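The structure under discussion appears below in the form of structure tokens.
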Amino acid sequence: MSDTTIRSCIEACLACFVECERCSSACIDHGSMAACVKACRDCADLCSLCVAFMARGSSLHADLCKLCAAACQKCAEECAKHAAHHACCKACEEACRKCAETCLACGKSCC
């Protein structure tokens with residue numbers, strides 16, 4: 001796998017991590033947003049772990065990228081429900097969709 005592919009995936013994961021953390025912090029006080037907060041936390045944790053695995057060249061990073069893509073997709077779907085009324089959810093949805101696409105491609109190109 002090329003360094004460019006890995007770097008693109010790392011950048012997408014970092015951007016997604018930041019947006020998920022922002023979104024979960026903004027939504028945590030809204031009782032009706034519990035599912036959003038949970039999805040953001042799962043996604044943020046997987047994004048940061050994915051970055052670590054890619055940075056150290058772990059042989060498991062492709063499998064983790066696929067899992068991260070699934071978490072990103074789930075988070076994007078949840079944030080989309082609130083995107084019209086919450087700017088943080090809109091930004092998170094966009095970052096998650098980009099990260100899901102990048103991680104999926106990264107996971108496939110490695111195998």
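The numbers here are math on the coordinates, done by the rules we state, and not lab data. In this text, all values refer to a predicted model and were calculated from it rather than measured experimentally. Don't worry about glycine lacking a Cβ; one is built from the backbone with ideal geometry, like all the others, and counts go over all protein chains shown.
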| said: Run the reach check for residue 108 against aspartates and glutamates, Cα to Cα strictly under 14 Å, same-chain hits fewer than 8 apart removed. What comes back? | reply: 63
| message | Please enumerate, by chain and number, the lysines with C-alpha under 26 Å from the C-alpha of residue 90, excluding those fewer than 8 residues away in the same chain. | response | 38, 66, 74, 81, 98
| message | Using each residue's phi in the stretch 80-86, evaluate 6.51 cos²θ - 1.76 cosθ + 1.60 at θ = phi - 60° and report the 3J(HN,Hα) Karplus result to the nearest Hz, with x for Gly and Pro. | response | 4, 5, 10, 4, 5, 10, 9
| Label-to-label distance, nm, for residues given as residue 4 and residue 85 (7 Å Cα→Cβ offset) | 4.4
| said: For the stretch 3-110, what does the relative contact order come out to in percent, with C-alpha contacts under 8 Å and a separation of six or more? | reply: 33
| task | Rank 20, 69, 51 by how far each Cα sits towards the positive end of the charge dipole of the chain (+1 on Lys, Arg Cβ; -1 on Asp, Glu Cβ) and give me just the farthest. | result | 69
| Simple Cβ-charge dipole of the stretch 1-63, Lys/Arg +1 and Asp/Glu -1, about Cα centre, in debye nearest 20 | 40
| query | Is the chain best put as rounded, prolate or oblate by its Cα gyration tensor, with a ≥ b ≥ c the root eigenvalues, rounded for a/c under 1.5, and otherwise prolate when a/b is larger than b/c, oblate when not? | reply | prolate
| field | Dipole moment magnitude, nearest 20 debye, the chain about Cα centre, only Lys, Arg, Asp, Glu C-beta charged | value | 120
